[in-house]
Every structure is written in C-alpha cells, then in structure tokens.
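No value in this document is a laboratory result; all are computed from the given coordinates. Quick caveat: nothing in here was measured; it's all calculated off a predicted structure. Positions of Cβ are backbone-derived with ideal geometry, glycine not excepted, and every protein chain shown enters the neighbour counts.
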Amino acid sequence: MSYFVSGLWHFAAAMAFAVAFGAWQNGSAFYFLGSPAFTFALMVSSSAFFWVPDRWAKRGLWKFLHYPLPDWDVLLLGPASHRNWLTHSPLLPALLLGALWKWPQLASPLFYQLALGAAIGTGSHLFWDCVGSKRHSIVVVPYWWTLREAASRVYLLLGATLCLTLGGALCGGFETGQTVAVIRWQPLVAFARRALEGL
Ligand SMILES: [Zn+2]
C-alpha cells in the first residue's frame, strides 16, 4: 500500500504545528521552518520523504527515508507491530531532553533545533495518527497484546500532548542554545490577543 496520501497528511499536520509554534514563539510563521536542521528533524519524525516513488521506496535504505521514524516499527518489527507503543510515544523527544540533562555540553543552537524538530514532528505524527485514521490499535506485544480503539486514541493524544509540551519547553533554547529550557508564555498571550483583535 502506498504511503503517499497518509504521508501528505502527516506532512500537512507537521507544517501546521511548526507554523503555529513559530507564530507563538516569535510572531513569525517561518521562524522555526527557516532552520534546515529543525525542518529536517521535523520531516524525518513526522512524514519522512513520502514522495519517494513506490518502486524505490521498498528498496534497501530508501525505505527508511520513505517512512517516518514512528513508523519504522513496520520496517524493523514487521507489519504486525505497526503502531508500536514505543515508537508511537514521546520516547524520542524525551531521550533527546534526557541526553541534554546528562551531557549539558550538548547544548547548542543546532542540538535545540534538531530536538525541537523531533518533538514537534513526533507530536504532530501522533496527533494525526489519532485524529486522521480510522483504525486505532496500539501494539504492545504483537499478536498478543494490543490496546482497544478508545484506549489507543487516548494513548496517541496523550503522547502528542507530551511531545508538544516538550517542544514548548525546547523553544526557548532554539537560537541561544542555553541549557535553561523555559516555556515562554508571553508570546502565546500576545499571539492570542493579536488573533482576537483580528477577528
Ligand atoms: Zn504512525
């Protein structure tokens, strides 16, 4: 089955979140998307390069570029493991934040840009898996333990919320690379006020 349509939706969701975060943080829709490192991490974790034609997408290492990181469960564990509970969770952004905590010397604008891209990309992927697909089944152990429809939906939504919250915490370090991750609420309030004034 082609991943193109699903990938396109995931791409659109990732762009929407990236634009919203940019507008929230800096008042500019392309504030984050202007960074190649951010955009690369965003794409790899949300939609990957879904436009790679199918005849190449199935071959060798190409398939790892064709499928986003959360959907590597299919490539590494087989189709029965799709929507694996670990790959469809905030594990990747949490690991990146954990690495920053353990090795503070990693703190640099580049690291923050990659980590922020991965947090927003994974969050948007989980969000769209939750709202955009008909079947919902999180696989804990293939053939043995899968979550039911409603529980899977809640699991994906919680994961998305956590990823995007981690993204919010990482926003502050985007340009400076400072280790202090602060959620900046003032831009959110200013953005909401501007949006309300525009109505
Ligand atoms: Zn997925």
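Values for this structure:
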item: GNM result for the chain, Cα springs below 10 Å: residue of 14, 29, 41 fluctuating most strongly; result: 29
item: Whole-Hz couplings from phi, Karplus 6.51/-1.76/1.60, listed for the range 125-130; x for Gly and Pro; result: 4, 5, 4, 6, 4, 6
item: Difference of contour (0.36 nm per residue) and Cα-Cα distance, residue 75 to residue 134; result: 19.1 nm
item: For the range 3-8, 3J(HN,Hα) per residue [Karplus equation, 6.51 cos²θ - 1.76 cosθ + 1.60, θ = phi - 60°, Hz, x = Gly/Pro]; result: 8, 4, 5, 4, x, 5
item: 222 nm mean residue ellipticity, helices alone, for the chain (DSSP H n ≥ 4; -39,500 (n - 2.57); rounded to 500); result: -19000 deg cm²/dmol
item: Which of 73, 54 has the fewest Cβ neighbours within 10 Å, and the rest in rising order; result: 54, 73
item: Length-normalised contact order of the range 4-197 in % [C-alpha pairs under 8 Å, at least 6 apart]; result: 23
item: Cα pair distances exceeding 20 angstrom across the chain, given as percent; result: 56
item: Residue 64-residue 12 pseudo-label distance in nm [points 7 Å out on the Cα-to-Cβ vector]; result: 3.1
item: Residue among 172, 159, 34 with the largest mean-square fluctuation in a Gaussian network model of the chain, springs linking Cα atoms under 10 Å; result: 34
item: Within the range 4-197: Cβ-based charge dipole about Cα centre, in debye rounded to nearest 20 (Lys, Arg +1; Asp, Glu -1); result: 260
item: Built amide H within the under 5 Å cut-off of residue 32, gap 5+; result: 22
item: Under Karplus coefficients 6.51, -1.76 and 1.60, residue-wise ³J(HN,Hα) of the range 56-64 in Hz, glycine/proline x; result: 9, 4, 8, 9, x, 6, 4, 5, 6
item: Amide hydrogen neighbours beyond the local backbone of residue 84, cut-off 5 Å, H modeled; result: 139
item: Among 103, 85, 144: highest mean-square fluctuation, GNM of the chain, C-alpha pairs under 10 Å; result: 144
